[in-house]
Structures are given as structure tokens and as C-alpha cells.
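Below is one structure, written out as C-alpha cells, with a few remarks after it.
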Amino acid sequence: MAEVASYLGQHNGLFISLVVLVSLLIGSFLNVLVYRLPKMMEREWQQEYQAYFQPDASAAASATANTTTPERFNLAVPRSACPKCNTPIAARDNIPVISWLLLKGRCRHCKTPISSRYPAVEALTAVMSGLVAWQYGFGMLALVLIFFTWGLIALSFIDIDTMLLPDSLTLPLLWLALVFSLTDSALVNSSQAIIGAAAGYLSLWLVYWGFKLLTGKEGMGYGDFKLLAIFGALLGWQQLPLIILLSSVVGAVIGASMLAIQGRDKATPIPFGPYIAAAGFIALLWGEQLTNAYLNYLGPY
Ligand SMILES: [Zn+2]
């Protein structure tokens, strides 16, 4: 094991290739997570609502549900199937990116088009993880940051679909970042991480309430605060101004182009999570260089 680690440490190209291959498979899993997690949450809310407000109806409903419908629905069950013809997807048709290309983006059986977003998410996961491996080289830090990258991709696409950033993803990532700061591998020490988490949450919380008091509108949600708290814990409070700046720039550019292309109504809410995730990922890769370049631009003191 130690020999494998030392070999990978010396051969970064091999490490990057391994990360890209594994991340393609993870990307395939992230597609499942993005699709199913919101549905699982919705079911849970319905059950909780019924249990709380209509306990009798809930008992009756679950009694009939047990006898009629298969209730099991999680990340593993049931198997992935074509949404149109319900044919389970065979292993050979489930190879990341390649299967989609070979099948020309259609179901093998009923030829229904399959969204190009699935191979896109797989490719994006591979590229982003490969970038982290390339930037940091083999080690605990790279592996942890790659894991966070996977979480960011899942969160971004769930936010795009549902305008939600589930606590079941944001909170474990936040804890993990805080605990990781206790180790020698972390980018920042624990005090920087704790201050980062609190400052990340509070800064957007303040923006949110300021915006709401001034305009009566909600520009973002509590999930966005938690997402920035994750970056604060992972990269330290020092990176937060850069992330906020980058996310507003990215948000403004994408928002303006969407408005121009689709003529999107200004009142239509656009999820803010993907912008924070994209900005945080840029800071994760090149934060120090960007901050230094900016300080150099300001000139020597
Ligand atoms: Zn089909």
C-alpha cells in the first residue's frame, strides 16, 4: 500500500489518469443522486406532513401502500431504467460517456432521446476532478478536495433542477471540512476554518436580509449560506472575498446572457448555488494566485 502511494506520488500523470477514470464512474453515480435525492426528500416531507397533520390518514395510506405499491426508492433501488419504456439499463449501456455516444443519445430499445446532460455531468466530473489532481498532486489533500468537488457538482445540479441545496449534502460536507482542518494535510488550520465557516454563512445571511428589507425579495436561500460556509471551512476566511466577488461576476454574466438569449423574465428566480460552487472551485484551484495577482495589481504598499 505504501509502495503504491509512493509510486503514485512520483508519477503524477498516472494519478491524474486514475482520478479521471474513477471520476467518470462517480459522475454516473452523481447523475443518479441528482435525480433521486430530491424525490426521496419529497417523499419524506409528504410522510412527515401526513404523520403530523393527518396521523389517521397516514396510517391508512401506509397500510394500503404496503400492500399495493413497492415503496422502496433510494439511491440503489430500483435499478436505473429508461423513463419511457422502463427497460432496465444494461451494464454495457451504462459505461460513462461512451455508451451515450455509441447509442447516439437514444434508448437501445425504444430509441427515446436520452438527455445529453448525463454524459455532460460525467465528463464534467472527470475534468474537474482531474484538474484538482493535476494542481495538488497525489496525497490526502487532493483526495479530500476531489471528494468535495463531487459534492459541489451534485449540489449545483440539484439546485438547478429544484432550487434546493439539501442539508443532507451541505451539512456533512461542512462537518468534514471542519474536521479535516484538524489534520496536517488541510489547507488551513482549525481557527481559520472555523472563522471561515462562520464568516461564510454570516456574510450571505447579511446580504440576504439586507436585500430582503430593501426590496422585499429573496435573492438566495439558506442553502447558499451553508455552501459558502463549506468553502470558508475548506479554504479559510481569507478566500471568501474572492469567492463572493467571483460568484457575483459569474452570476451577472450568466444571468445577463440568459436574459438576452431566452428573454427570461427578471422575476424568474435563478439558483445562486452553482455560481458559488463555480467561484469556490476556481478559488480552490487558483485562489492564492488570483489573490496575489490582485494585490500586485493594487501595487506595493
Ligand atoms: Zn426506452
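A few comments on the model shown:
- Taking the numbered list (1) more than 16 Å from the ligand (Cβ to nearest atom); (2) surrounded by 12 or more Cβ atoms within 10 Å (Cβ to Cβ); (3) modelled with pLDDT of 90 or more; (4) not small (Gly, Ala, Ser) in turn, Gln50 passes all entries but (3).
- Pairs where the first residue, in region 130-145, is in a helix (DSSP H, G or I) and the second is of a type in the set (Phe, Trp, Tyr), C-beta under 6 Å, 6+ apart: Ala133/Phe15; Ala142/Tyr136; Val144/Phe180
- Residue check for Arg43: modelled with pLDDT under 85 and of a type in the set (Lys, Arg): no
- Selection from region 116-129 of residues that are in a helix (DSSP H, G or I) and either within 16 Å of the ligand (Cβ to nearest atom) or surrounded by fewer than 19 Cβ atoms within 10 Å (Cβ to Cβ) (or both): Arg117, Tyr118, Ala120, Ala123, Leu124, Val127
- Filtering region 92-115 to residues that are away from the ligand (no atom under 16 Å from the Cβ) and surrounded by fewer than 19 Cβ atoms within 10 Å (Cβ to Cβ) leaves Ile95, Val97, Ile98, Leu101.
- Selection of first residues in region 97-110 that are over 17 Å from Ser28 (Cβ atoms) and of second residues that are within 14 Å of the ligand (Cβ to nearest atom) and outside any loop (DSSP other than H, G, I, E, B), restricted to Cβ pairs under 8 Å at least 6 apart or on distinct chains, gives the following pairs, ordered by first then second residue: Arg106/Pro113.
- Residues being of a type in the set (Gly, Ala, Ser), assigned to a loop (DSSP other than H, G, I, E, B) and either in contact (Cβ under 8 Å) with a residue 60 or more places away in the chain or within 12 Å of the ligand (Cβ to nearest atom) (or both) - total across region 74-89: 1
- Residue count for region 118-128, restricted to those that are touching a Phe, Trp or Tyr at 6+ places or on another chain (Cβ under 9 Å) and free of Cβ contacts under 8 Å to residues at least 60 places away in the same chain: 1
The values are calculated or read from the model by the stated rules, or taken from the named source; none is laboratory data. Values in this document were obtained by computation on a predicted structure and should not be read as measured data. Positions of Cβ are backbone-derived with ideal geometry, glycine not excepted, and every protein chain shown enters the neighbour counts.
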